[in-house]
1. Hey, Glu74 hits all of (1) surrounded by 11 or more Cβ atoms within 10 Å (Cβ to Cβ); (2) of a type in the set (D, E, K, R); (3) in contact (Cβ under 8 Å) with a residue 12 or more places away in the chain but one; which does it fall short on?
2. Would you say Arg3 is out of contact with any strand residue (DSSP E or B) (no Cβ under 9 Å at 6 or more places or on another chain), part of a helix (DSSP H, G or I), surrounded by 12 or more Cβ atoms within 10 Å (Cβ to Cβ) and of a type in the set (D, E, K, R)?
3. List every residue pair whose Cβ atoms sit under 6 Å apart, with the two residues 6 or more apart in sequence or on different chains, where the first one lies in segment 38-50 and is under 12 Å from Met28 (Cα atoms) and the second, anywhere, is of a type in the set (Phe, Trp, Tyr) and open to solvent by 80 Å² or more (accessible area, probe 1.4 Å).
4. Restricting the first residue to segment 15-29 and requiring it to be open to solvent by less than 80 Å² (accessible area, probe 1.4 Å), which pairs with a second residue that is assigned to a helix (DSSP H, G or I) and among the aliphatic types (A, V, I, L, M) meet a Cβ separation below 7 Å and a spacing of at least six or different chains?
5. Against the definition (part of a helix (DSSP H, G or I) and either at pLDDT below 85 or not polar (S, T, N, Q) (or both)), how does Glu26 come out, yes or no?
6. I'd like the residue in segment 34-61 that is within 21 Å of Gly12 (Cβ to Cβ) and of a type in the set (Val, Ile, Thr) and, out of all such residues, is farthest from the chain's Cα centre (by Cα).
7. Do we find that Phe8 is modelled with pLDDT of 95 or more, surrounded by 13 or more Cβ atoms within 10 Å (Cβ to Cβ), within 15 Å of the chain's Cα centre (by Cα) and of a type in the set (Phe, Trp, Tyr) in this structure?
Amino acid sequence: MKRIVVWFSVVGGLGLITAITLTVIEGMNYRLREEQGLDPVWASPWVSTTTIVGIGLFAISAIVLLAIALSPAEKTGDPTTPR
């Protein structure tokens, strides 16, 4: 169970970092072209696709981690031993 939590945390974090990084970089490119008097261009298709995939990975990881957190805890111990 701990491996699943770590794995989804890492994947969600990487997705979020990817989406934020690409958004900031493309925003800076847009602003620089605007300041230079050039016509701002749309982001490349690979940038927008990667940003959407990063946000999707983050959302899926957040939902899975929330489901794990809300699920009942596993019982540890020997089920044949009476209490």
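The values are calculated or read from the model by the stated rules, or taken from the named source; none is laboratory data. Everything numeric here is computed off the predicted structure, so don't read it as measured data. Don't worry about glycine lacking a Cβ; one is built from the backbone with ideal geometry, like all the others, and counts go over all protein chains shown. When the accessible area is computed, the model is the full protein with side chains, heavy atoms only, and any ligands, DNA or RNA have been set aside. Shrake-Rupley method; radii C 1.70, N 1.55, O 1.52, S 1.80 Å.
1. Failed condition: (1).
2. No; evaluated as a whole, the condition is false for this residue.
3. Pro40/Tyr30
4. Gly15/Ile55; Gly15/Leu57; Ala19/Ile55; Leu22/Val47; Glu26/Val47
5. yes
6. Taking segment 34-61 and keeping what is within 21 Å of Gly12 (Cβ to Cβ), we get 47-61.
Of the ones still in play, those that are also of a type in the set (Val, Ile, Thr) are 47, 49-53, 55, 60.
Details: Val47: 15, Thr49: 14, Thr50: 11, Thr51: 10, Ile52: 10, Val53: 8, Ile55: 5, Ile60: 8 Å.
Result: Val47.
7. No: the conditions fail for Phe8.
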